[in-house]
Amino acid sequence: MRRPPVCRLTIGDTAGCQPTLRPLNPSLTILPVFGLLPSALALCWLVSRARWFWVHNPELRFGWVVLLLSGYLLWEAWEKRPLPRWRWDWSGVALAVFGLAALFFAQLYQAAFGVTTEGMSLLGAGAMVFIAGNVQYVFGRLGLRCFAFAIGFLFLALPVPETVYYPLVSGLQSKVAAVDVALLNLAGIPARQIGNTIRLPACVVGIDEACSGIRSLQSAIMATLFIGYLTLNRKSLQAALLILGVLAAIAGNLLRSFLLSYTANAKGEAAVQSWHDTAGWSILAFTGVAVMLFAWLLHKLEKSLARQPADAGSPR
């Protein structure tokens with residue numbers, strides 16, 4: 001008698017992954033791996049180009065952390081993958097063709113202008129769109145939803161185009177200086193804003209690129225997206241965690257710049273140099289603890305909301 005195939009039930013409820021019943025057939029694991037080799041090549045190409053920024057730009061060294069977290073997210077999504085479909089449809093073909101075209105133009109752009117942030121962004125967008133088309137061919141739209149977050153998360157490690165980055169940093173520097181001047185005046189210290197600097201009675205304090213808070217914002221966005229995806233199921237709560245993390249990063253950076261300005265007025269500009277890095281790491285730790293606390297509270301809230309329908313429907 002022919003024995004029926006042994007099946008395995010894989011349950012997943014995040015990122016579009018649905019419960020699937022898969023036979024324990026080695027071909028169902030090996031064949032999709034070969035089918036996704038084009039995606040692996042595109043990902044390796046993207047990482048090989050992005051590593052230059054991760055090595056030479058201190059603001060982007062967290063890209064290695066994002067790469068490791070993306071690998072973990074891909075592993076989690078692989079465990080919840082649906083059955084392979086091996087079918088092209090018009091949307092999958094469009095994604096693959098558009099991704100290849102973007103990769104081609106990104107290579108031409110880099111050949112003409114060298115390694116730039118704009119060319120890196122185009123390369124990253126093209127690689128991810130092409131990977132999306134390849135995943136949709138192998139696993140269908142359900143598989144694309146299952147792997148979408150893991151694929152898109154790597155985009156956080158890529159440099160922001162300079163046409164967006166420098167105006168953003170300049171705006172943050174000006175806002176931080178304005179808030180610090182207001183707080184110093186409230187504390188009884190006469191201060192005046194001049195561009196991105198703060199004129200104090202004893203010295204002048206400059207709000208540099210690091211003090212703009214861009215690094216704290218990038219770290220907060222990365223942490224909240226990753227933790228929210230793993231611990232929260234409701235999209236609304238994931239968005240709330242992202243907003244709270246960004247607010248915590250902004251508040252921490254304002255506190256850091258205010259304390260450094262206060263120290264400069266009390267002890268001189270030399271004291272700022274000795275406390276600058278310590279204050280930066282302290283605020284980064286503060287932001288991390290705040291994000292974990294917010295995630296824990298929102299997780300408790302989600303569990304409480306999940307119990308309410310059951311409690312309402314139970315007999316007294």
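For the residues V93, V135, a 1.4 Å probe over the protein chains yields an accessible-area ranking, largest first, of V93, V135. Rounded to the nearest 0.05, what FRET efficiency is calculated for L247 and Q273 with R0 set to 25 Å and r the Cβ-Cβ distance? So the FRET efficiency works out to roughly 0.30. Note on region 213-274: semi-axes of the ellipsoid equivalent to its C-alpha gyration tensor, largest first and rounded to whole Å, are 34, 10, 6. Computed with every protein chain present, the accessible area of R141 is close to 120 Å² [probe 1.4 Å]. These residues, H299, H56, go from largest to smallest accessible area, 1.4 Å probe, as H56, H299. The phi-based Karplus calculation (6.51 cos²θ - 1.76 cosθ + 1.60; θ = phi - 60°) puts the 3J(HN,Hα) values of region 227-234 at 5, x, 5, 7, 10, 10, 9, 7 Hz, whole numbers, x for Gly and Pro. Accessible area per residue for region 96-251 is 44 Å², calculated with a 1.4 Å probe on protein heavy atoms, without ligands, DNA or RNA. Averaging the Cα positions of each part gives two centres, and for region 115-175 and region 230-309 these lie 25 Å apart.
A viscosity of 1.002 mPa s and a temperature of 20 °C, combined with the Kirkwood radius over Cα pairs in Stokes-Einstein, give a translational diffusion coefficient for region 165-208 of 204 µm²/s. A simple rule links phi to the HN-Hα coupling: the Karplus curve 6.51 cos²θ - 1.76 cosθ + 1.60 with θ = phi - 60°, which for region 187-193 gives 7, x, 9, x, 9, 9, 8 Hz, with x for Gly and Pro. Couplings 3J(HN,Hα) for region 161-174, derived from phi with the Karplus relation 6.51 cos²θ - 1.76 cosθ + 1.60 (θ = phi - 60°), are x, 4, 5, 9, 5, 5, x, 5, 5, 4, x, 5, 4, 5 Hz, where x marks Gly and Pro. Both the radius of gyration and Dmax for region 23-109 are 16.2, 47 Å, in that order, over alpha-carbon atoms. Between the beta carbons of V179 and N57, assuming R0 = 25 Å, the FRET efficiency works out to 0.40 to the nearest 0.05.
Return the FRET efficiency for the residue pair A239, R199: r is the Cβ-Cβ distance, R0 is 35 Å, and the value is rounded to the nearest 0.05. Computed FRET efficiency for A239 and R199 comes out at 0.30. Averaging over all projection directions, the Cα-based convex hull of region 70-192 occupies 11.5 nm² in the image plane.
The values are calculated or read from the model by the stated rules, or taken from the named source; none is laboratory data. In this text, all values refer to a predicted model and were calculated from it rather than measured experimentally. Neighbour counts run over all protein chains shown; Cβ positions are idealised from the backbone, glycine included. Quick note on the areas: whole protein, heavy atoms, side chains included, nothing else; ligands and nucleic acids left out. Shrake-Rupley method; radii C 1.70, N 1.55, O 1.52, S 1.80 Å.
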